[in-house]
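Nothing in this text is a laboratory measurement; each read-out follows from the coordinates by a stated rule. Model, not experiment: these values are computed from the prediction. Glycine also receives a Cβ, built like all others from the backbone with ideal geometry; neighbour counts cover every protein chain displayed.
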């Protein structure tokens, strides 16, 4: 417990309690009791089982709340991810594959997401929770303008994101697109195709390859999420929802 000055603004994420001073007047530490772990909710989508997030996450660089009711499948088997405001707080959506797949091709068929607000982020990425610090075997397909209405609305990335060579931004128009990443030793090849079932001879709408800083498989799993980037700066934006028709994996 911290006693702080009214003007004190804590960091979004810390690894230890701050020291007294600099706006912190007093610190008290009380031993708590561990709560019983909540049962994970699972949904079945595209032939795989996915764990639905119900706890807070800072995958977007700041804490976001996640509501398991914001992720579901419809009668066609399509996955819906929703971001909504409830009791004055934004609640986001995330699902994680319950197994690691490793090298191979990952494909995501996405319905039109042009209706989303500029700060909404639809992400498809790998994440290794067993790594407590540093990189998490992460590479990303992220569909967002990051709050800037004039910015390009998509990017491919590997981590760390702050290295200029580790991300590639581009724009996609409205419509259904298939996003693919082929992960091989020392190589990540990203491509985007128009439509839900691109033929083998169809030229990609956009493509890019990374050949440095490419992670090797470990315990990472595929995640899909929808959250609001710096939501506190956009309190009046409408709720958002996206539909992912299909996820496919092949060696």
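On the basis of the beta-carbon distance and an R0 of 41 Å, residue 17 and residue 194 show a calculated FRET efficiency of 0.20.
Taking label positions 7 Å along the Cα-Cβ direction at both residue 202 and residue 58, the computed distance is 4.0 nm, reported to one decimal. Stretching the chain fully between residue 29 and residue 162 yields a gain of 44.3 nm (0.36 nm per residue, less the alpha carbon separation).
Take the alpha carbon gyration tensor of the chain, find the square roots of its eigenvalues, order them as a ≥ b ≥ c, and report rounded if a/c is under 1.5; if not, report prolate when a/b exceeds b/c, else oblate.
Because a/c hits 1.5 or more and a/b exceeds b/c, the chain counts as prolate.
Within 10 Å of each residue's Cβ, count the other Cβ atoms and sort 142, 248 from fewest upward.
Final ranking by Cβ density, sparse to dense: 248, 142.
Fully extending the segment from residue 69 to residue 243, taken as 0.36 nm per residue of separation minus the present Cα-Cα distance, adds 61.2 nm.
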